[in-house]
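Everything below concerns the one structure shown next.
The values are calculated or read from the model by the stated rules, or taken from the named source; none is laboratory data. In this text, all values refer to a predicted model and were calculated from it rather than measured experimentally. Quick reminder, even Gly has a Cβ in these numbers, built from the backbone with ideal geometry, and neighbours come from all protein chains shown.
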């Protein structure tokens, strides 16, 4: 009796697993296989879950006859620059918050939470006017500046929790051995927080790669627009060219998906340490 | 001197990051208050006049504004409840690690790391009207007639479902982390005392998860109020203005009708809503940290 109950429970659990897997994976699978389908096979009933006549025509079209490659290039550039600058600024700040006791420490960390909680959409109007005044509309500097700013708070929280986990004795030992403050930071602490830095970099890159509304507001030239805007414009301009659109969508999904699979562990550790713990 | 330098060394570490945030987040934050009392027009940049609270008065008298508030409320309530319940159910389902469960876990989290705009387009493709749309084709197998998922009557419901689908990973991840922090011996002790699965859930899981729940709920609520991408990609606020929630209406007023001042006033309204929620969040957060 007990054993059969256990088997039934396991079977039911796996049925649920399968349903969940399908619910979340099927849409992404569907758009990906569509991008490899021959135009003649794209609109058939009933839907085909395989690719009858695989073709790379849509990909050739997207990569050589549209503006999408510029968008992908811009997104990569914006992403890497933001990761670099935001990472450096956040690591410095996190170290300061973790290792020094000062009156404003806690209030400033709370201030960081407030800025992190603001939805991007509430800032687009003032950001637009401000960038217009600074003559930074339609520039990489303007967009990247904002992206760095929205990624710092969370990065500081995550990295601080990683620094906090390193005992202060270590700093002292290094100090006694003749290491300066900066030397301790660079040579002793930073190497120990590599997992945190990886987590922060991946999270920041995702947030840049996926960002839409700020880029929509602050850029209008194709030459500097990121992939997300390119994708949207492509959709509205080309109307119903589903083949190339599904390709561009598949590429846009593929890059972060692969990064996620590689860095999953770091990513989740970072997300949860920043959001749940304190 | 050396000692003083060492004492204030933290300034050197934290100042660059804080300064950056002040320029790109705090300054626009306060600037929106100023803009909201001007009649700044996108076509005449730099020529704004102070008009007091006129924008706010106009909003109060604007039916479309109240409509967008109503839609935002409906959207937020259903998305928050849906995302929270679904996310928690999934977290419970995957709490115990079994062979192949990583596959389910990973697939749940996937929608969260890929561009919302790409997912919006993916869903647009799946939700196509007529029987060539994937969803309609699948439902046809069960005898459900094809329908237009983004029509006037259906658009809001569809949006809520898609937004929940995209938001669930975040909830799932936080709740999973919360569940894993509950000490296993609590469950064991309860089992020995003869508590069944339902009792263990009600008397251990729920109380232990209380603060995770609260934090999670507030975070979802704030992000839902400012939600923009999927709605913009799927419906653009339409048909007519059936899905024109507050952020969409603000965007349209400011950038399609050039009324930046009016848009700023709406931004201030949204700021206040999210600030109040953030303050609640912080009180909860602090309470949890101290306990």
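So the values come out like this:
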| read-out | value |
| --- | --- |
| Test: residue B:61 is away from every other protein chain (no Cβ under 13 Å) and either out of contact with any helix residue (DSSP H, G or I) (no Cβ under 9 Å at 6 or more places or on another chain) or buried (at least 16 other Cβ atoms within 10 Å of the Cβ) (or both) | yes |
| Subset of the stretch A:18-42 that is over 16 Å from residue B:119 (Cβ atoms) and touching a residue at least 60 places away in the same chain (Cβ under 8 Å) - its residue that is nearest to the other protein chains (Cβ to nearest Cβ) | A:42 |
| Answer from A:93, A:86 - the residue that is over 30 Å from residue A:229 (Cα atoms), in a helix (DSSP H, G or I) and in the same structural domain as residue A:153 (by TED's automatic domain parsing) | A:93 |
| Enumeration of residues in the stretch B:110-123 that are surrounded by 21 or more Cβ atoms within 10 Å (Cβ to Cβ) and farther than 12 Å from residue A:232 by Cα | B:111, B:112, B:113, B:114, B:123 |
| Residue match in the stretch B:29-36 (condition: loosely packed, with under 15 Cβ neighbours inside 10 Å and within 28 Å of the chain's Cα centre (by Cα)) | yes |
| Selection count where residues are surrounded by 19 or more Cβ atoms within 10 Å (Cβ to Cβ) and either more than 7 Å from chain A (Cβ to nearest Cβ) or at positive phi (or both), scope the stretch B:124-134 | 4 |
| Where a residue in the stretch A:45-64 is over 25 Å from residue A:231 (Cα atoms) and its partner, wherever it lies, is part of a loop (DSSP other than H, G, I, E, B), with Cβ under 7 Å and at least six apart | A:45/B:131; A:45/B:132; A:53/A:38 |
| Considering residues of the stretch B:250-291 that are closer than 24 Å to residue A:218 by Cβ, more than 11 Å from chain A (Cβ to nearest Cβ) and in contact (Cβ under 8 Å) with a residue 12 or more places away in the chain only, the residue nearest to the chain's Cα centre (by Cα) | B:252 |
| Residue in the stretch B:8-31 that is more than 30 Å from residue A:146 (Cα to Cα) and either at pLDDT below 90 or more than 9 Å from every other protein chain (Cβ to nearest Cβ) (or both) present | no |
| Residue that is surrounded by the fewest Cβ atoms within 10 Å (Cβ to Cβ) [pool: residues in the stretch B:180-213 that are within 14 Å of chain A (Cβ to nearest Cβ), assigned to a helix (DSSP H, G or I) and in contact with a helix residue (DSSP H, G or I) (Cβ under 6 Å, 6 or more places away or on another chain)] | B:211 |
| Top-ranked residue in the stretch B:226-239 [being assigned to a helix (DSSP H, G or I) and closer than 18 Å to residue B:270 by Cα; ranked as farthest from the other protein chains (Cβ to nearest Cβ)] | B:231 |
| Residue match in the stretch A:78-87 (condition: over 22 Å from residue A:212 (Cβ atoms), touching a residue at least 60 places away in the same chain (Cβ under 8 Å) and within 12 Å of chain B (Cβ to nearest Cβ)) | yes |
| Residue within the stretch A:101-112 that is assigned to a helix (DSSP H, G or I), within 22 Å of the chain's Cα centre (by Cα) and more than 7 Å from chain B (Cβ to nearest Cβ) present | yes |
| The lone exception for residue B:73 - which of (1) within 20 Å of the chain's Cα centre (by Cα); (2) within 11 Å of chain A (Cβ to nearest Cβ); (3) surrounded by fewer than 17 Cβ atoms within 10 Å (Cβ to Cβ) it fails | (2) |
| Selection status of residue B:223, within 26 Å of residue B:166 (Cβ to Cβ), in a helix (DSSP H, G or I) and more than 16 Å from the chain's Cα centre (by Cα) | no |
